[in-house]
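First the structure, in the form of structure tokens, and then the observations on it.
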Amino acid sequence: MIENFIDIEYLKSGNARQRLAYSEIKKLNIFEKLKKYNPILTGTIPIEIDIPESDLDIICECQNHSEFRTYLLAQFSDKKDFKVYSIKQNGIDSTIAAFKTDHFLFEIFGQNIPTEKQNAYRHMIIENRILKEKGSEFKQRIKKLKSTGIKTEPAFAKLLGLEGNPYTELLKLEK
């Protein structure tokens with residue numbers, strides 16, 4: 001299991017989907033383009049619980065949402081099905097760009113929070129630890145739940161018997 005998710009080089013020696021993700025990210029120079037925003041690939045592909053529909057989630061730290069939005073437009077607006085929008089997520093201003101390549105849906109997500117402190121990263125680290133502790137059968141059960149349409153955090157909450165909001169309850173398991 002991966003311990004350092006900051007540097008995407010681990011994808012090169014991962015499973016077939018991770019290697020494909022690495023290739024797509026490199027081909028588009030995404031991390032180089034987003035370098036000043038401290039990008040981190042989060043979600044299910046890094047921790048090998050992805051399903052065929054899983055996207056590539058890249059979180060970024062952006063101080064200025066207007067500038068970030070303009071930058072995303074300049075860098076990625078030529079990509080298939082590109083869109084960029086802003087929302088409040090858990091009361092926090094967030095800017096999101098999405099586009100497709102032949103193999104993946106990319107979502108670039110920016111908040112004015114250091115990337116290692118954003119919930120997407122924190123959830124992934126917690127989930128990775130749980131997967132290491134619980135083993136391959138647990139991992140398969142998570143993937144099976146996900147294949148029925150259940151999102152990742154609710155799947156973990158269900159199998160762990162967590163009550164309440166799965167996104168906040170999972171964060172309580174942080175060490």
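The values are calculated or read from the model by the stated rules, or taken from the named source; none is laboratory data. Computed from a prediction, not measured in an experiment: that's the story for all the values here. Here Cβ is always computed from backbone atoms with ideal geometry, including for glycine, and neighbour counts include all displayed protein chains. The area values use the complete protein model at the heavy-atom level, side chains included, leaving out ligands, DNA and RNA. Shrake-Rupley method; radii C 1.70, N 1.55, O 1.52, S 1.80 Å.
Gain on full extension, evaluated as 0.36 nm per residue between Ser147 and Leu28 minus their Cα-Cα distance, stands at 40.0 nm. For segment 41-76, backbone nitrogen atoms closer than 12 Å to the point 7 Å from Thr101 Cα along Cα-to-C-beta are found at 56-57. Take the Cα of Glu67, go 7 Å toward its beta carbon, and the backbone nitrogen atoms of segment 29-48 under 18 Å from that spot belong to 33-39. Go ahead and set up a Gaussian network model of the chain, Cα springs under 10 Å, then flag whichever of Ile58, Ile92, Ile113 fluctuates most. Answer for the Gaussian network model of the chain: Ile92. Within the listed set Leu159, Leu145, Leu72, the Gaussian network model of the chain (springs between alpha-carbon atoms below 10 Å) gives the highest mean-square fluctuation for Leu159.
How large is the helix-only mean residue ellipticity at 222 nm for the chain, computed as the sum of -39500 (n - 2.57) over DSSP H runs with n ≥ 4, divided by its residue count, in deg cm²/dmol to the nearest 500? Write out the running numbers ahead of the final one.
On the way: 7 runs with 71 residues, N = 175.
Computed ellipticity for the chain at 222 nm equals -12000 deg cm²/dmol.
Of the residues Val84, Leu131, Ile108, the one whose Cα sits farthest towards the positive end of the charge dipole of the chain is Leu131 (charges of +1 on Lys and Arg Cβ, -1 on Asp and Glu Cβ, taken about the Cα centre). Taking every Cα-Cα distance in segment 1-58 and sorting them into 5 Å bins starting at zero, the pair-distance distribution P(r) comes out as 4, 19, 33, 28, 13, 3, 0 percent. For the chain, the longest principal axis of the C-alpha atoms and the axis of helix 65-76 are separated by about 80°.
For segment 35-173, the fraction of 1.4 Å probe accessible surface lying on carbon and sulfur atoms is 48 percent.
The residues of the chain have, on average, 52 Å² of accessible surface per residue, using a 1.4 Å probe with all protein chains present. Here the gap between Lys36 and Leu159, fully extended at 0.36 nm per residue and compared with their Cα-Cα distance, gives a gain of 40.5 nm. From the residues Tyr10, Ile150, Cys60, which one has its Cα farthest along the dipole of the chain in the positive direction, the dipole being from +1 and -1 charges on Cβ of Lys/Arg and Asp/Glu about the Cα centre? Of Tyr10, Ile150, Cys60, it is Ile150.
On a 0 to 90 degree scale, rounded to 10, what angle separates helix 136-147 from the longest Cα axis of the chain? Result, in degrees: 60.
Centroid-to-centroid, using Cα positions, segment 135-175 and segment 81-114 are 23 Å apart.
Please get the size of the charge dipole for the chain, origin at its Cα centre, with Cβ charges of +1 on Lys and Arg and -1 on Asp and Glu, quoted in debye to the nearest 20. Mind showing how you got there, number by number?
Numbers: 28 positive and 25 negative charges, 52 e Å.
For this selection, approximately 240 debye.
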